[in-house]
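The values are calculated or read from the model by the stated rules, or taken from the named source; none is laboratory data. Values in this document were obtained by computation on a predicted structure and should not be read as measured data. Quick reminder, even Gly has a Cβ in these numbers, built from the backbone with ideal geometry, and neighbours come from all protein chains shown. The protein model used for the area step is the full one, side chains on, heavy atoms only, and it has no ligands, DNA or RNA in it. Shrake-Rupley method; radii C 1.70, N 1.55, O 1.52, S 1.80 Å.
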Amino acid sequence: MRQVGLIAGAAAVALVAAGAITYAVAEDGDGSANSPTPTADSADAGFARDMAVHHQQAVEMSYIVRDRTQNVEVRRLAYDIAQTQANQRGMLLGWLDLWNLPKVSADPPMTWMGMGDMASGKDGALMPGMATNTELKKLNSLSGKPAEVFFLQLMTDHHKGGIHMAEGCVEKCTVGVEKRLAQGMVDAQQSEIQLMADMLKERGAKARS
């Protein structure tokens, strides 16, 4: 599928850009020598913490489906998602280190968005879009086309939740490069949602919502 190839190229570009973004934050915050360091309860820190957790599950799901199907297109998409989101997760955690802020918080996820009660955390779904432990177990039990369809459905939901959070950072974060990374997440994941919709259609299926 040509679109998957394009996504792969975009992922490679994103990884290079990610390195530049990390360097920019390490150098002077958001490009301004007078930029204040975010506080532990800031949107910048909250987004970094929550999206790191959100991304980790996307990486986990991608590696699960890689081992449950031989379909080249699905495996390539899963690899691209895993590599891109693992890299971004490293950046987010690295920024917390640079800011000397904790990587965990006693507050519920998404408190920084004013939505601390948005997800109950029931069965492992800590934030909107995240798969439950039961769903991850089911994905691990499937193979071939059923695994492909379920992965694409889970990842579509996951991306929708991630986009919601990234849009929150675009609105509320103050560190310029973090806001730009968040916008890049929105753009890339919206593109991948459309790609996954096409892949589901090819398999006689559709997104769950």
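Taking the stated definitions as given, is GLY129 under 15 Å from GLN57 (Cα atoms) and of a type in the set (Gly, Ala, Ser)? Can you show your working first?
Values: under 15 Å from GLN57 (Cα atoms): yes; of a type in the set (Gly, Ala, Ser): yes.
Yes; evaluated as a whole, the condition is true for this residue.
Those residues that are in contact (Cβ under 8 Å) with a residue 12 or more places away in the chain and open to solvent by 20 Å² or more (accessible area, probe 1.4 Å), I need them from region 193-205; list them, please. Break it down stepwise before answering.
Step one: filter region 193-205 for residues in contact (Cβ under 8 Å) with a residue 12 or more places away in the chain, giving 193, 195-200, 203, 205.
ILE193, ALA197, ASP198, ARG203, ALA205 - these are the residues of region 193-205 that are in contact (Cβ under 8 Å) with a residue 12 or more places away in the chain and open to solvent by 20 Å² or more (accessible area, probe 1.4 Å).
For region 68-89, residues that are over 19 Å from HIS164 (Cα atoms), touching an Asp or Glu at 6+ places or on another chain (Cβ under 9 Å) and open to solvent by less than 20 Å² (accessible area, probe 1.4 Å) total 5.
Taking LEU142 as the residue in question, decide whether it is in contact (Cβ under 8 Å) with a residue 60 or more places away in the chain and open to solvent by 20 Å² or more (accessible area, probe 1.4 Å). So LEU142 passes the test. Only one entry of GLN83, GLN56 meets the criterion of being touching a residue at least 60 places away in the same chain (Cβ under 8 Å) and outside any loop (DSSP other than H, G, I, E, B), and that entry is GLN83.
Does MET127 satisfy the condition of being open to solvent by less than 70 Å² (accessible area, probe 1.4 Å) and over 14 Å from the mean Cα position of the chain (by Cα)? Let's see the steps before the verdict.
Working: open to solvent by less than 70 Å² (accessible area, probe 1.4 Å): yes; over 14 Å from the mean Cα position of the chain (by Cα): no.
When the stated conditions are applied, MET127 does not pass them.
Taking the criterion of being farther than 18 Å from CYS173 by Cβ and of a type in the set (Asp, Glu), the residues of region 95-138 that qualify are ASP117, ASP123, GLU135. With respect to the conditions (1) under 30 Å from ALA40 (Cβ atoms); (2) surrounded by fewer than 16 Cβ atoms within 10 Å (Cβ to Cβ), THR111 falls short on a single one, namely (2).
Within region 92-108, the set of residues being closer than 15 Å to MET165 by Cβ and surrounded by 20 or more Cβ atoms within 10 Å (Cβ to Cβ) comprises LEU92 only.
Picking from LYS122, LYS160, which residue would you name as being more than 15 Å from the chain's Cα centre (by Cα) and not acidic (Asp, Glu)? Give the steps one after another, and end with the answer.
Values: LYS160 fails: more than 15 Å from the chain's Cα centre (by Cα).
The unique qualifying residue is LYS122.
Within region 28-67, the set of residues being modelled with pLDDT under 95, hydroxyl-bearing (Ser, Thr, Tyr) and surrounded by 13 or more Cβ atoms within 10 Å (Cβ to Cβ) comprises SER35, THR37.
Would region 158-170 turn up any residue that is among the aliphatic types (A, V, I, L, M), assigned to a loop (DSSP other than H, G, I, E, B) and open to solvent by 20 Å² or more (accessible area, probe 1.4 Å)? Spell out the reasoning first.
Pass one, region 158-170, residues among the aliphatic types (A, V, I, L, M): 163, 165-166, 170.
From the residues that got through so far, the ones that are assigned to a loop (DSSP other than H, G, I, E, B) too are none.
So far as region 158-170 goes, no, none of its residues is among the aliphatic types (A, V, I, L, M), assigned to a loop (DSSP other than H, G, I, E, B) and open to solvent by 20 Å² or more (accessible area, probe 1.4 Å).
Scanning region 188-201 finds no residues that are under 12 Å from the mean Cα position of the chain (by Cα), closer than 24 Å to SER42 by Cα and hydrophobic (A, V, I, L, M, F, W, C).
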